[in-house]
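The structure under discussion appears below in the form of structure tokens.
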Amino acid sequence: PVYGIGVAASMAGMHQQTLRQYDRLGLVVPQRTLGGTRLYSLRDIARLSEIAALSAEGVNLIGIARILALEIENSRLRERIAELTRDASSTAVVVWRPHHRR
């Protein structure tokens, strides 16, 4: 994160106060310096653009928060599926010895 709030707002085409509101709502939470200055990354700015697009489509902030949460969950599930797929195609050999009852 290297962009201050003024630069980030300009890059996202938003007002600085909008970025502060999104931070308060947890939609985009930038890192902060020890002095409390907000620092935005390119990922944060991309998320701001996504929020702007959803807002332009008429989605309210609660709906946007839910969509963003579902996108994160979807991404995690896709990663887990990929992990399980890799495990299933493993070439590991398993040796099994049945236990004999007496």
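Miscellaneous remarks
- Among the candidates Ile45, Ile81, Ile51, Ile72, the residue that is modelled with pLDDT under 95 and under 17 Å from the mean Cα position of the chain (by Cα) is uniquely Ile72.
- Candidates Arg66, Arg38: the one that is of a type in the set (Lys, Arg) and farther than 24 Å from Ser10 by Cα is Arg66.
- Sole residue being surrounded by fewer than 10 Cβ atoms within 10 Å (Cβ to Cβ) and among the acidic types (Asp, Glu), chosen from Glu73, Glu57: Glu57
- Matching residues, segment 71-89, being among the aliphatic types (A, V, I, L, M) and within 20 Å of Leu54 (Cβ to Cβ): Ile72
- Scanning segment 1-53 for residues that are small (Gly, Ala, Ser), part of a helix (DSSP H, G or I) and open to solvent by 70 Å² or more (accessible area, probe 1.4 Å) yields a single hit, Ser10.
- Verdict on Gly63 being within 17 Å of the chain's Cα centre (by Cα) and exposed (fewer than 14 other Cβ atoms within 10 Å of the Cβ): yes
The values are calculated or read from the model by the stated rules, or taken from the named source; none is laboratory data. Computed from a prediction, not measured in an experiment: that's the story for all the values here. For neighbour counting, all protein chains shown are included, and Cβ atoms are generated from backbone atoms with ideal geometry for every residue, glycine included. Remember, those area values only see protein heavy atoms, side chains included, never the ligands or the DNA or RNA. Shrake-Rupley method; radii C 1.70, N 1.55, O 1.52, S 1.80 Å.
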